[in-house]
Amino acid sequence: MARLRTAGLDDDTIIRLGRAGMDPRHLDDVLAGAADVTRKGFLDWRAAEGVLRQTLGGSPRGFKTVLGARGTTGMRFVDAYDEVADVAREAKTGFTRLTPFVQRQIDRDVLLRARGDFARVEWHFFTSSVSETVGPSAELLSELNRRGIPYVIHLP
């Protein structure tokens, strides 16, 4: 829990996260590998996407993953694409598991990065105002690390 305290969380906030089911040891491990750790408060998903765009720039954007596909089939929609920095950013709110949908997002991010549609991709995890949880599951964390996708944790 040393990293939680270093990040500025007080006892009340750590207890609040624990009551919501967050394992402080897992969260401490997540913080250890994060590209950055910030404080943004408890947010809903729309507010998290807004904070991401306001603080780091960019706007929502869709990228074709299947050339010639029609409609939204074969698309990857990122929450904030910064054209100047050539970075695609994904916002996740609350505790996030490696579901088939999330796996497809990762696969598409890796494809688009390799193809040169953007130079970098980052995932941002915000603390949910609904569930009072934050961060990737151990499986998702492992997959992000394996695929070379840096992540940022936004604590309350």
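Derivation of every value follows stated rules applied to the coordinates shown; laboratory data play no part. Everything numeric in this text was worked out from a predicted model, so none of it was measured. Neighbour counts run over all protein chains shown; Cβ positions are idealised from the backbone, glycine included.
Worth a mention:
- Rounded to whole Hz, the Karplus (6.51, -1.76, 1.60) HN-Hα couplings of segment 92-97, x for glycine and proline: 10, 10, x, 6, 10, 9
- Site pair S59 and I14 shows an inter-label distance of 4.4 nm when each label is modelled 7 Å from Cα along Cα→Cβ.
- Per-residue ³J(HN,Hα) for segment 57-66, Karplus 6.51 cos²θ - 1.76 cosθ + 1.60, θ = phi - 60°, Hz, x for Gly and Pro: x, x, 8, x, 7, x, 10, 6, 9, 10
- Backbone amide hydrogens, once placed in the peptide plane, bring R147 within less than 5 Å of nothing, excluding anything fewer than 5 places away on its chain.
- Model label sites at R46 and A69, defined 7 Å from Cα along the beta-carbon direction, differ in position by 2.7 nm.
- Extension gain, D23 back to V130 (0.36 nm per residue minus Cα-Cα distance, nm): 36.8 nm
- Couplings 3J(HN,Hα) for segment 17-34, derived from phi with the Karplus relation 6.51 cos²θ - 1.76 cosθ + 1.60 (θ = phi - 60°), are 5, x, 5, 7, x, 6, 7, x, 5, 5, 4, 4, 5, 4, 4, 4, x, 6 Hz, where x marks Gly and Pro.
- Trypsin sites (Lys or Arg not before Pro) restricted to DSSP loop in segment 53-83 with at most 12 other C-beta within 10 Å: R70
- In this structure, the amide hydrogen of V121, modeled 1.01 Å from its nitrogen in the peptide plane, lies closer than 5 angstrom to those of A88, counting only residues at least 5 positions away or on a different chain.
- Within segment 3-40, backbone nitrogen closer than 17 Å to the virtual label 7 Å beyond the Cα of R120 toward Cβ: 33-38
- Distance between modelled label sites at F101 and A35, nm, 7 Å Cα→Cβ extension: 2.4
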